[in-house]
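**Student:** Okay, here's the structure, questions in a sec.
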Ligand SMILES: C[S@@+](CC[C@H](N)C(=O)[O-])C[C@H]1O[C@@H](n2cnc3c(N)ncnc32)[C@H](O)[C@@H]1O
């Protein structure tokens, strides 16, 4: 198409460009073209005689003319637009509506129907999100003691370690060897917003430490951050340096029950139990970690059709009672859907001793 341009000597290029930008005359949707001696800046409109006079006076000689130019390609608005003409039309309905972005890494769940196009979809994700350099596809559910999900690299750089920022905290994460979900950000923020200065916190299943790091960044507290996965604790150690929080968190590798038994009995004002499928079987350890006068437990669990929220609440309260603790549920919150008909929930529990016995 014909586009009005200003032709200038290459030596005057930067001055002209700046002038055109300052006066809202430069059209960035078209390319700047060049010949051996001249540059051609695309214009939003023809310059008035007055503007032309200023240009020649302030900068130097020029010519206003028309050139054959095509507009620069625009960034597609979504994955479907980025795959227009690449992915058969009938497959667009299977494209994911969202995916996780962890630092510069995207993690996406792709339907079986898209199997033949995974690389093209990965590339399209990078086009739509310019900060994404690596794309992994989920190859199954979260499993095992370390709660890891099998991932397969489908596009971009072969990179598994990144730094993700959540509420101003830098989190070092190895996406293939540690658990992390950016979908828990609101919960990390909520819980750490409840913390009072001076508290001692035991984060029983810290992962790469998002609760611990945000708590230590926000308040003058000390956090014992425990995880059985050495890679997760290695990431946490790196984050302590990145956030200048060394000394405010004690990272501990190993089984949380053993560590509490050996080092942390009766130490905590607050205990975080973010291991939703199995937290119930660690309630004894959480009870043991609390100070004799009691404290707060953030208990994460899963509700299902056969185990609704009220059942979970009763079970947790009864179990704590068995350890000689009286608890009041101060908040119940659905954190996120876990599977069809399943929800991850959190119970905030204010706990006090019922009688003068301790958990053995
Ligand atoms: C759901 S992930 C942690 C999530 C983390 N709190 C967060 O918000 O990102 C659960 C973590 O518990 C750890 N874990 C599982 N069993 C454990 C145990 N017995 N002792 C300590 N950590 C354990 C896993 O390695 C995993 O990192």
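**Student:** Is one or more of the residues making up the stretch 267-283 within 16 Å of the ligand (Cβ to nearest atom), surrounded by 15 or more Cβ atoms within 10 Å (Cβ to Cβ) and either more than 27 Å from residue 172 (Cβ to Cβ) or outside the structural domain of residue 209 (by TED's automatic domain parsing) (or both)?
**Tutor:** Within the stretch 267-283 (the criterion being within 16 Å of the ligand (Cβ to nearest atom), surrounded by 15 or more Cβ atoms within 10 Å (Cβ to Cβ) and either more than 27 Å from residue 172 (Cβ to Cβ) or outside the structural domain of residue 209 (by TED's automatic domain parsing) (or both)), the answer is yes, since at least one residue qualifies.
**Student:** Quick check on the stretch 184-204: of everything there that is buried (at least 17 other Cβ atoms within 10 Å of the Cβ), in contact (Cβ under 8 Å) with a residue 40 or more places away in the chain and part of a helix (DSSP H, G or I), which residue is nearest to the ligand (Cβ to nearest atom)?
**Tutor:** The residue in question is 184.
**Student:** Can residue 102 be described as in the same structural domain as residue 126 (by TED's automatic domain parsing) and either in contact (Cβ under 8 Å) with a residue 60 or more places away in the chain or farther than 27 Å from residue 184 by Cα (or both)?
**Tutor:** yes
**Student:** Output yes when any residue across the stretch 348-355 is modelled with pLDDT of 95 or more and surrounded by fewer than 17 Cβ atoms within 10 Å (Cβ to Cβ), and no when none is.
**Tutor:** yes
**Student:** Right, another one. Could you tell me whether the stretch 229-236 includes any residue that is outside any helix (DSSP H, G or I), in the same structural domain as residue 335 (by TED's automatic domain parsing), within 8 Å of the ligand (Cβ to nearest atom) and at negative phi?
**Tutor:** Yes, that holds for at least one residue.
**Student:** On to the next question. May I ask you to list the residues in the stretch 49-60 that are surrounded by fewer than 11 Cβ atoms within 10 Å (Cβ to Cβ) and out of contact with any helix residue (DSSP H, G or I) (no Cβ under 8 Å at 6 or more places or on another chain)?
**Tutor:** Result: 49, 50, 57.
**Student:** Against the definition (more than 18 Å from the chain's Cα centre (by Cα), farther than 26 Å from residue 285 by Cα and surrounded by 18 or more Cβ atoms within 10 Å (Cβ to Cβ)), how does residue 225 come out, yes or no?
**Tutor:** no
**Student:** Further, regarding this structure: Can you name the condition, by its number, that residue 116 falls short on among (1) crowded, with 22+ Cβ neighbours inside 10 Å; (2) more than 16 Å from the ligand (Cβ to nearest atom); (3) part of a helix (DSSP H, G or I)?
**Tutor:** Going through the list (1) crowded, with 22+ Cβ neighbours inside 10 Å; (2) more than 16 Å from the ligand (Cβ to nearest atom); (3) part of a helix (DSSP H, G or I), residue 116 breaks only (1).
**Student:** Do you know which of the residues in the stretch 237-252 that are part of a helix (DSSP H, G or I) and more than 15 Å from the ligand (Cβ to nearest atom) is farthest from the chain's Cα centre (by Cα)?
**Tutor:** Taking the candidates together, the pick is 241.
**Student:** Also, I was wondering about something else. Which of the residues belonging to the stretch 253-263 are more than 16 Å from residue 229 (Cβ to Cβ) and either more than 12 Å from the ligand (Cβ to nearest atom) or surrounded by fewer than 17 Cβ atoms within 10 Å (Cβ to Cβ) (or both)? Walk me through how you get there before you give the answer.
**Tutor:** Residues of the stretch 253-263 that are more than 16 Å from residue 229 (Cβ to Cβ), as a first pass: 260-263.
Of everything in the stretch 253-263, those that are more than 16 Å from residue 229 (Cβ to Cβ) and either more than 12 Å from the ligand (Cβ to nearest atom) or surrounded by fewer than 17 Cβ atoms within 10 Å (Cβ to Cβ) (or both) turn out to be 261, 262, 263.
**Student:** Also, quick follow-up: Do we have residue 63 as outside any strand (DSSP E or B), outside the structural domain of residue 231 (by TED's automatic domain parsing) and modelled with pLDDT under 95 here?
**Tutor:** Against the criterion (outside any strand (DSSP E or B), outside the structural domain of residue 231 (by TED's automatic domain parsing) and modelled with pLDDT under 95), residue 63 does not qualify.
**Student:** Could you tell me whether any residue of the stretch 110-128 is at pLDDT 95 or above, closer than 27 Å to residue 236 by Cα and outside the structural domain of residue 278 (by TED's automatic domain parsing)?
**Tutor:** Scanning the stretch 110-128, I find no residue that is at pLDDT 95 or above, closer than 27 Å to residue 236 by Cα and outside the structural domain of residue 278 (by TED's automatic domain parsing), so the answer is no.
**Student:** Okay, next question. Go through (1) within 11 Å of the ligand (Cβ to nearest atom); (2) under 11 Å from the mean Cα position of the chain (by Cα) for residue 170 and report which single condition fails.
**Tutor:** (1)
The values are calculated or read from the model by the stated rules, or taken from the named source; none is laboratory data. Computed from a predicted structure; not experimentally measured. Quick reminder, even Gly has a Cβ in these numbers, built from the backbone with ideal geometry, and neighbours come from all protein chains shown.
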